[in-house]
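Have a look at the structure below, then the notes.
The values are calculated or read from the model by the stated rules, or taken from the named source; none is laboratory data. Predicted model only: the values in this text are computed from it and were never measured. Note that we place each Cβ from the backbone using ideal geometry, even for glycine, and neighbour counts take in every protein chain shown.
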Amino acid sequence: MNLFEPFQFAFFRNGIIVAVLAGAICGLIGVYVVLRQMSYIGHGLSHSIFGGAAASAVLSVNFYLGAGLWGLLSALMIGRVARRGKIGSDAAIGVITTASFAMGLALSNLFGQAKRSIDAVLFGSILGVGGTDVIAVLGAGVLSVVVIYACYRHLLFATFDPEVANVSGVNVARMEALLMLMLAITILFTMKVMGVLLISAMLVTPAATARMMTNSFARMLTIAPIIGALCGFTGMLLSYHIDVSPGATIILMASTVFLVVFTITGSRGRRNVAGLGHH
Amino acid sequence: MTSTARSLVEVDGVSHSYGGPLVLDHIHLSIDAGSFLGVIGPSGSGKTTLLRLILGSLSPTIGTVNREPNLRVAYVPQVETVNWNFPITVSEVVLMSRPPSIRRPWATESERRDVSEVLEQLGLAGLGDRHIRELSGGQQQRVFLARALHRKPDLLVLDEPTSGVDVRTRHEVVHLLTDLHRAGMAVVLTTHDINGLATHLPRIACVNRELIALGSPRDVLTPQVLERTYGAPMEVLEHGGLLLVTDSPMATS
């Protein structure tokens, strides 16, 4: 078996570039997702976008346009339902995103010809990845890096201590909106390779692994994207050679790295990762 | 009382509600430059709400809070609210309080020098690269004071600065705040610790939904005011020139 045989195919070269970039972006944004305990929002948003992706496939509308608008609409509805006060934001996310997901499944069943692309959205695919997707993911990556670079200290302050940040002149609401927007962009532009059902794991696992390896926020922001990119690369190779969806193999690679680091770092790492849910 | 000091914050006829009954009712309070005020009262009396109104993180339901234009305020929250598992070092905590002069993540040479100075001032020299969980209780409290001081504030606001700390740390905090006050900084804090902290302050506000009394500890800490504030009889003793507040034997019998 020639490990690098798939590189002769243009679709694979596109796919692996997207997977590496997607892994790195998920790792980068995942740091904020994990530390702000936003993983449920990421999970919900990806399920919600599935409805838009299914509708786009059925109506032959551009994927990024259809799924993006759908995601934006869902986020606005979540905000509107949660603001009423009687329903918590977690329940609002549950209701709206699962409704959107169910609609995606219904469209999938009703319009059989769209089934193939809907499966690709659910579990990830490298077959549909073209030059446009490479540019789109590259753009999302550059945007994420620029935003984090420019707003680094304000984002850190708003993540670590929102109340004091607010008093100290940081516009916390704007920082939160910015993070939500970056999360939505990350999901939208990486879900083709990762798949809706598995992308939330990629938003959490590299960042949680990085948390076990360091006590510094700056180093965590460096380590998590590197882990994500490596998992994207190795996961794509594995996907080709064992003929399994790339979303699954990339997540399996990330989970393996997590387990190895979990074992090596011992009680210190376990304490760090256990503390992610505690304030 | 007449005062020539300029007023930093003026709380004028403020009432506040979170949607239900009033948490604070018709409060008038002035915080002058260089003043040192302790707010005491039982749990749920509205102390933290009053701090948030002073800080501007809450808007009053009724009344107004006027802050001096361009007032630089720094806030030290209760240490119990800090996420000690957050991946952050001492220097990173201190550095975050001042907005960067240019948009870049890492500290400039002058910022690093400022952080070192404030850490040294608070006895934390050489601990900049430590994770915040790896410090003693007193050091942890001082890290958040260091973050506040790094802002070079006109007004320092602290919520329960001696809550959950040992006696030695409490002494350290009291001495440090006294030094800052002597250096001209205005300080406002809330506390449950009447004997360990409030009796050492120049001015105390007793709050329980209303402003019950405001003045020096000797004027304010009377059995009548304390009973109105805490809803239970309390005695005030004097020992070596210091006031000592205790539960009344009538209340415990």
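Out of region A:189-218, which residues are of a type in the set (Gly, Ala, Ser) and either more than 14 Å from chain B (Cβ to nearest Cβ) or in contact (Cβ under 8 Å) with a residue 12 or more places away in the chain (or both)? Even if it seems obvious, please write down each step before you answer.
Going through region A:189-218, the residues of a type in the set (Gly, Ala, Ser) turn out to be A:195, A:200-201, A:207-208, A:210, A:216, A:218.
Those that are of a type in the set (Gly, Ala, Ser) and either more than 14 Å from chain B (Cβ to nearest Cβ) or in contact (Cβ under 8 Å) with a residue 12 or more places away in the chain (or both): A:195, A:200, A:201, A:207, A:208, A:210.
Can you tell me which residue within region B:109-125, out of those that are among the small types (Gly, Ala, Ser) and at pLDDT 90 or above, is farthest from residue B:173 (Cα to Cα)? If you could, list the steps in order and put the result at the bottom.
Initially, region B:109-125 is screened for residues among the small types (Gly, Ala, Ser), giving B:110, B:116, B:123, B:125.
This time we only want the ones that are at pLDDT 90 or above, so: B:116, B:125.
Values: B:116: 20, B:125: 17 Å.
Here the answer is B:116.
If you take the residues of region A:119-173 that are among the polar types (S, T, N, Q) and touching a helix residue (DSSP H, G or I) at 6+ places or on another chain (Cβ under 6 Å), which of them is surrounded by the fewest Cβ atoms within 10 Å (Cβ to Cβ)?
Checked region A:119-173; the qualifying residue surrounded by the fewest Cβ atoms within 10 Å (Cβ to Cβ) is A:166.
Suppose we keep only residues that are over 20 Å from residue B:79 (Cβ atoms) and in contact (Cβ under 8 Å) with a residue 40 or more places away in the chain within region B:161-189. Which one would you say is surrounded by the fewest Cβ atoms within 10 Å (Cβ to Cβ)?
By that ranking, first place goes to B:184.
Per-residue answers, yes or no, for (1) outside any loop (DSSP other than H, G, I, E, B); (2) at the interface with another protein chain (Cβ under 10 Å from one of its Cβ atoms); (3) in contact (Cβ under 8 Å) with a residue 24 or more places away in the chain:
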site: B:53; (1), (2), (3): yes, no, yes
site: B:57; (1), (2), (3): no, yes, no
site: B:69; (1), (2), (3): no, no, no
site: B:83; (1), (2), (3): no, yes, no
site: B:107; (1), (2), (3): no, yes, no
site: B:115; (1), (2), (3): yes, no, yes
site: B:119; (1), (2), (3): yes, no, yes
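From the list B:90, B:73, pick out the single residue that is buried (at least 22 other Cβ atoms within 10 Å of the Cβ), in contact (Cβ under 8 Å) with a residue 40 or more places away in the chain and more than 10 Å from every other protein chain (Cβ to nearest Cβ). Steps first, answer last, please.
On the way: B:73 fails: more than 10 Å from every other protein chain (Cβ to nearest Cβ).
Checking each option against the conditions leaves just B:90.
Test each condition in (1) surrounded by fewer than 17 Cβ atoms within 10 Å (Cβ to Cβ); (2) within 8 Å of another protein chain (Cβ to nearest Cβ); (3) over 19 Å from residue A:32 (Cβ atoms) for residue B:97 and report the one that comes out false.
(1)
From A:230, A:221, A:155, which residue is within 11 Å of chain B (Cβ to nearest Cβ), modelled with pLDDT of 90 or more and either within 16 Å of the chain's Cα centre (by Cα) or not in a helix (DSSP H, G or I) (or both)?
When all the criteria are applied, what remains is A:221.
All but one of (1) at pLDDT below 85; (2) among the aliphatic types (A, V, I, L, M); (3) within 24 Å of the chain's Cα centre (by Cα); (4) surrounded by 13 or more Cβ atoms within 10 Å (Cβ to Cβ) hold for residue B:226; which doesn't?
Residue B:226 satisfies all of (1) at pLDDT below 85; (2) among the aliphatic types (A, V, I, L, M); (3) within 24 Å of the chain's Cα centre (by Cα); (4) surrounded by 13 or more Cβ atoms within 10 Å (Cβ to Cβ) except (1).
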